[in-house]
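The values are calculated or read from the model by the stated rules, or taken from the named source; none is laboratory data. For clarity, every value in this text was computed on a predicted model and none was experimentally measured. Glycine gets a Cβ as well: all are built from the backbone with ideal geometry, and neighbour counts include every protein chain shown. Protein only, heavy atoms only, side chains kept; ligands, DNA and RNA dropped before computing areas. Shrake-Rupley method; radii C 1.70, N 1.55, O 1.52, S 1.80 Å.
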Amino acid sequence: MEPFPDDWTRAVAVVAHPDDLEYGAASAIAHWTSRGKEVSYVLVTSGEAGIDGLDPEEAGPLREEEERRSAAVVGVSHVEFLGHPDGAVEAGLALRRGLAAAFRRLKPEVVITMNFELTWGDEGVVNHADHRATGLAVLDACRDAANRWLFRDEGDPWQHIKYVYVAGATSPTHFVDVSDTLDVGVASLREHRAYLEGLGGSFDPDDFIRNISGFGGMVAGCDYAVIFQRFSVG
């Protein structure tokens, strides 16, 4: 694998739910913001259907606030929610339009998203439908944002996205050494208190982040790393 390139200024991270970025990628985001990079978050849903014991009308605003606090921990001040229904995201024109509009407004050179394959890891656990739909729409929307004849009412074309980097993919190509920001990533995940409490059990954010980033470090040749697969869209 190669180190994640440093020749960029602005990135946009797009995921389906509040907390998706915090299961590992937030440590990389903290690494970037600590070095002067500008990162914005775009959340496709508000995660309103993610807490079994909490009504969606109450859970949505709560999870949005948890995500804003979590983002602030890693140096991200811009967080927006597109309002698609949690659990029912479709990778169609409506989502592509919203993402292309966000890219044209925020003008990233790099786009980050998360695993949108059918399954997670070696155990073959089926990936969430929202993750799969979001990832596919992100790839398409990067090209849509560059095409002046698509979504012509959503701003001027933005033609400077060459790559999308996918966290948690099974065929990683790049890594970020997060040995110096691992604790910040853990703190970011801890901000999702209501969601983590809703999971029940004895989930430990510190153990989880250290284990997954430790595996990344083994692959990358450092103590702790977040690993990404790069897709060319430019």
Averaged per residue, the 1.4 Å probe accessible area of the chain, protein heavy atoms only, in Å², is roughly 46
Here the relative contact order (percent) of segment 106-234, from C-alpha pairs under 8 Å and at least 6 apart, is 31
Of 214, 98, 201, the most mobile residue in a GNM of the chain (C-alpha springs, cutoff 10 Å) is 201
A student applying the Cα gyration tensor rule (rounded when a/c is under 1.5; otherwise prolate if a/b is larger than b/c, oblate if not) would label segment 54-131 rounded
The rounded separation in angstrom of the Cα centers of segment 41-62 and segment 175-223 is 22
Expressed in Å to one decimal, the Kirkwood Rh of segment 73-185 from all distinct alpha-carbon pairs is 15.6
Loop-resident trypsin sites (Lys or Arg not before Pro) in segment 124-221 with no more than 13 other Cβ atoms inside 10 Å, DSSP not H/G/I/E/B, are 148, 152
Length gained if residue 8 through residue 136 is fully extended, taking 0.36 nm per residue and subtracting the Cα-Cα distance, is 43.8 nm
With only helices counted (DSSP H, runs n ≥ 4, each -39500 (n - 2.57)), the per-residue ellipticity at 222 nm for the chain, to the nearest 500, works out to -12500 deg cm²/dmol
Restricting to Cα pairs under 8 Å and 6 or more apart, the percent relative contact order of segment 1-115 works out to 37
With 0.36 nm assigned to each residue of separation and the Cα-Cα distance removed, residue 55 to residue 126 gains 23.0 nm
In the chain the accessible area split gives carbon plus sulfur, as whole percent at 1.4 Å, a share of 49
For mean projected area of the Cα convex hull in nm² the list reads (1) 11.7; (2) 13.6; (3) 12.9; the calculated value is entry (1)
